[in-house]
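The values are calculated or read from the model by the stated rules, or taken from the named source; none is laboratory data. The structure displayed is predicted, hence computed values, not measured ones. Note that we place each Cβ from the backbone using ideal geometry, even for glycine, and neighbour counts take in every protein chain shown. What goes into the accessible areas is simple: the full protein's heavy atoms, side chains included, and nothing from ligands, DNA or RNA. Shrake-Rupley method; radii C 1.70, N 1.55, O 1.52, S 1.80 Å.
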Amino acid sequence: MKLFVLGATGRTGHQFIDQAIEHGHHVTAFVREQKKLIPTPQLEIIEGDVSDSSALTDALKGHDAVISCLGTDLSDPDFLASVTDALVPAMKANDVTRILYLASAGIDKEIPGIAGTVVTFMLRKPLRDHRAAVDLWRNSSFDYTIVRPMQLTNGPRTSVYRTDIDGIPADGKQISRADVAQFMLNTVEENSFVRQSVGLAY
């Protein structure tokens, strides 16, 4: 497959790229600055503005799916929604219908108990931006998968984790970025969890 990755220089994005290349896929990293990545025969790097729909349209030609590992931008509370607004017409112009979007547990207030209330309040600004972007995908005709991990760690890839459609795995607290990346890669390869929102945790 030919995979188009946003947020490639982030920690989860790096994990996804490494694992996708391990599986023999061609990856295009659309990044603001190339300095954090090294191009290889399987990794193409394109510099550009993720809010520039025209640049995204040109870069997306010939790809099979989009993988968004973008995080929020504290200086722009509407960053992710703006990126989605730019990405939607770019995908339509290239007949790309598959999108995996890395969000966060808590966007739907699905974390139970006092802990959920505290987390949702503390992360209310980034969760609001993720939610706005997610709502755009949910109201679209695209074949989206929303990925909602619990607290991310830098632990190893274990390949052993739990999923929950719309909710979160019972008593789940954490999951490594490596395992989130593996879940996303498996999902795009198998074309599973289409038009679903999936919680992830150990």
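Per q in 0.15, 0.18, 0.28 Å⁻¹, report the Debye log10 I(q)/I(0) for the stretch 1-54, using one uniform scatterer on each alpha carbon and no solvent.
With no solvent term, the Cα-only Debye profile gives -0.36, -0.51, -1.17.
Over the stretch 9-102, what is the relative contact order in percent, taking alpha-carbon pairs closer than 8 angstrom and at least six residues apart?
26 percent
Under a cut-off of 21 Å between alpha-carbon atoms, report the lysines in cross-link reach of Lys125, not counting same-chain residues fewer than 8 places apart.
Result set, ordered by chain and number: Lys109, Lys173.
Could you tell me the center-to-center distance, by alpha carbons, between the stretch 1-54 and the stretch 127-159 in angstrom?
Result: 18 Å between the Cα centres.
With a Cα-only, solvent-free Debye model of the stretch 91-202, what are the log10 I(q)/I(0) values at q = 0.10, 0.18, 0.23 Å⁻¹?
-0.28, -0.89, -1.33
If you take every DSSP beta bridge fully contained in the chain, what fraction is antiparallel? Give it as a percent rounded to 5.
The antiparallel fraction comes to roughly 15 percent.
Which value in deg cm²/dmol, rounded to the nearest 500, describes the helix-derived mean residue ellipticity at 222 nm for the chain, given -39,500 (n - 2.57) per DSSP H run of n ≥ 4 and division by the residue count?
Counting only the DSSP helices, I get -11500 deg cm²/dmol.
About its Cα centre, what dipole magnitude does the stretch 155-202 give when the only charges are +1 on Lys and Arg Cβ and -1 on Asp and Glu Cβ, stated in debye to the nearest 20?
Here the size comes out at about 140 debye.
So for the chain, taking the charge dipole from beta-carbon charges (+1 Lys/Arg, -1 Asp/Glu), which of Ser159, His25, Phe193 sits furthest toward the positive end?
The residue sitting farthest along the positive end of the dipole is Ser159.
Expressed as a whole percentage, what fraction of the accessible surface of the stretch 45-148 belongs to carbon and sulfur atoms when a 1.4 Å probe is rolled over the protein heavy atoms?
C and S atoms contribute 54 percent here.
In straight Cα distance, which lysines are under 23 Å from Lys36, not counting same-chain residues fewer than 8 positions off?
By straight Cα distance, Lys36 reaches Lys2.
Under 1.5 on a/c is rounded, so check that first for the chain, then, if it is not, pick prolate when a/b is larger than b/c and oblate when it is not; a ≥ b ≥ c are the square roots of the alpha carbon gyration tensor eigenvalues.
prolate
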